[in-house]
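A short write-up of the structure that comes next.
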Amino acid sequence: MPKNAYICLMMKQFLSAALAAFCLVSCSMKDDGVAITAHRGFWDSEAGGHSENSLAALRAAQDECFWGSEFDVHLTADSIVVVNHDATFHGRKIHTSPLDSLLSDRLPNGETIPTLDAFLAQGAASPRTVLVFELKQHESPEREDLLVDLSLAALEQHRLLDAKRVIFISFSRHMCQRLASRLPGFMVQYLNGDATPEELYAEGIMGLDYHFSRFDEHPEWVQQAHDLGMAVNAWTVNQEEDIRRMLGLGVDCITTNDPLRVRSLLEADPDLKERKIR
């Protein structure tokens, strides 16, 4: 074969392979099934110790092989990142309390409030379950920037700063913008429900993670987001009728306190399937 013809053939093969890879990457989450994210871990179970955002709840979500396990982080007064949903822990404001003062109280299962470092150590124990990392709003952009920086440093330390291992969510548009700017290629999803897909896309934020009622009000947002190559998650979807409605709209992921119910509904519908963990 002449050299030029050989080069042309190789180029065609390369372009064909590249196009196939691009199409594979561009497929929405839906093509691989519907993802189930355990809200604050699989906490409402014996294995999870009935303790939200506990190490046991994360471990239980990993053991059940749910696609994702969601958790929330705050900064203490001495700038330690801790895992908790509310801005208070046993009546103490996390943002104005040093870590030591928070350790005297316990979660229902007897654990102390987890530091992010301890939580990520458990996260790293499973090579599959995606960490759905929610950064809580703070009192100033400077504190939010510090929370982002410390969170990314901790993920790096635990070798979890990997787009296959973690996605980021927040009610703070500022933190979503910062994460999207610093981490191109990572999934960042906005939670507050007050922005259209086009507005988020223009800011480089490639996911909507809205309360299911927002998609009831704006069902067109699901298709608009998909047309832009964005991911769509609905939270916190616990009742069967709400789960079925969100599945009917075509959301990519459901965050729920009852992940086994979502799993059973997916198993019962021949047109749907559960997205497997990576």
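The values are calculated or read from the model by the stated rules, or taken from the named source; none is laboratory data. Predicted model only: the values in this text are computed from it and were never measured. Glycine also receives a Cβ, built like all others from the backbone with ideal geometry; neighbour counts cover every protein chain displayed. Areas reflect the complete protein model, heavy atoms only, side chains present, ligands, DNA and RNA absent. Shrake-Rupley method; radii C 1.70, N 1.55, O 1.52, S 1.80 Å.
Taking 30 Å as R0, compute the FRET efficiency from the Cβ-Cβ separation of Asp271 and Asp63 and round it to 0.05. After rounding, the FRET efficiency stands at 0.60.
Tell me which trypsin sites (Lys or Arg not before Pro) from segment 124-218 have a DSSP coil assignment and no more than 10 other beta carbons within 10 Å of their own. Here the trypsin sites (Lys or Arg not before Pro) that fit, given the DSSP loop and packing criteria, are Arg159. Spatially, segment 202-278 and segment 102-124 are offset by 29 Å when compared through their Cα centroids.
Taking 0.36 nm per residue of sequence separation and removing the Cα-Cα distance, the Glu46/Asp32 pair yields an extension gain of 2.1 nm.
If you model the chain as an ellipsoid using its alpha carbon gyration tensor, with each semi-axis the square root of five times an eigenvalue, the axes come out at 34, 23, 19 Å, biggest first.
For the chain, lysine pairs separated by 8 or more sequence positions, or belonging to different chains, with Cα-Cα distances below 29 Å total 10. What the chain shows is 47 Å² of accessible area per residue, with the surface traced by a 1.4 Å probe over protein heavy atoms. Each other residue within a Cβ distance under 12 Å of Gln177 adds +1 if Lys or Arg and -1 if Asp or Glu, for a net charge of -1. Net length available on complete extension from Glu142 to Arg182 is 12.8 nm, with 0.36 nm assigned per residue and the Cα-Cα distance removed.
Label point of Leu103 set 7 angstrom out along Cα-Cβ; within segment 150-189, no amide nitrogen lies under 13 Å from it. Counting only Cβ charges, +1 for Lys and Arg and -1 for Asp and Glu, the dipole size of the chain around its Cα centre is about 1100 debye. Accessible surface of the chain, 1.4 Å probe: 54 percent of it comes from carbon and sulfur atoms.
Farthest toward the positive end of the dipole of the chain, out of Phe186, His90, Phe168, is the Cα of Phe186, where the dipole comes from beta carbon charges about the Cα centre. When the chain is described by a simple charge dipole with +1 on each Lys and Arg Cβ and -1 on each Asp and Glu Cβ, the residue from Val262, Gly33, Ala60 located farthest towards its positive end is Gly33.
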